[in-house]
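This is the structure I want to talk about, given as C-alpha cells.
The values are calculated or read from the model by the stated rules, or taken from the named source; none is laboratory data. Here the structure is a predicted model, which means the values were calculated and not measured. Note that we place each Cβ from the backbone using ideal geometry, even for glycine, and neighbour counts take in every protein chain shown. Note: areas computed on protein heavy atoms with side chains; ligands, DNA, RNA excluded. Shrake-Rupley method; radii C 1.70, N 1.55, O 1.52, S 1.80 Å.
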Amino acid sequence: QVQLLESGGGLVQAGGSLRLSCAASGGTDSMYCMGWFRQTPGKEREFVAGISRSGISTTYADSVKGRFTISRDMAKNTVYLQMNSLKPAETAVYYCAADRSIVIHTSHLRYDYWGQGTQVTVSS
C-alpha cells in the first residue's frame with residue numbers, strides 16, 4: 001500500500017511559479033509511474049503530467065507543455081511538479097497519483113493510489 005502526500009500548493013499571482021512535491025511511502029517509489037492531475041468543482045480530474053518508473057520518460061498535457069516540468073528523485077521517493085507562467089484558469093486542487101503500469105497513462109481511471117491533494121490558487 002502506497003501513501004502519497006502532496007505539498008507546495010498556495011496562492012500565486014498570474015505568471016508566477018510554484019513547485020509541488022509528492023512524497024511516497026509504504027512502497028518502492030520506482031515501481032510506479034507517477035502522475036499529476038488537477039480538478040475543479042464539477043469537473044473531471046484532468047491529467048497534467050506523468051513520469052515513467054525510471055524517470056526517463058515524461059508526458060504532458062498540451063496545455064502545460066513548455067511551462068510545467070515533472071521530475072522524480074528516487075533517493076527521496078519524491079516526485080515534483082515545477083509550474084511556471086501560471087494562469088488563473090489553472091486554479092485547482094492538484095493531486096499526485098501512482099500507477100503500477102509500465103507505461104504512463106493519462107486517464108485518472110488507470111491510477112491505483114492518490115494523495116489528498118493540494119490547493120493551487122492563481123490570482124489575476
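Please work out if L109 is of a type outside the set (G, A, S) and open to solvent by less than 30 Å² (accessible area, probe 1.4 Å).
Here the answer is no, as L109 does not meet what is asked.
Against the definition (touching a Phe, Trp or Tyr at 6+ places or on another chain (Cβ under 9 Å), at pLDDT 95 or above, open to solvent by 20 Å² or more (accessible area, probe 1.4 Å) and of a type in the set (F, W, Y)), how does W114 come out, yes or no?
When the stated conditions are applied, W114 passes them.
Also, quick follow-up: Please find, within segment 70-100, the residue that is most open to solvent (accessible area, probe 1.4 Å) out of those that are in a loop (DSSP other than H, G, I, E, B) and closer than 16 Å to L4 by Cβ.
Restricting to residues being in a loop (DSSP other than H, G, I, E, B) and closer than 16 Å to L4 by Cβ, the top hit is R100.
Those residues that are polar (S, T, N, Q) and over 15 Å from the mean Cα position of the chain (by Cα), I need them from segment 1-56; list them, please.
Q1, Q13, S25, T28, S30, S54, listed by residue number.
Give me a count of the residues in segment 39-69 that are closer than 20 Å to S123 by Cβ, open to solvent by less than 20 Å² (accessible area, probe 1.4 Å) and in contact (Cβ under 8 Å) with a residue 40 or more places away in the chain.
Residues in segment 39-69 being closer than 20 Å to S123 by Cβ, open to solvent by less than 20 Å² (accessible area, probe 1.4 Å) and in contact (Cβ under 8 Å) with a residue 40 or more places away in the chain: 1 in total.
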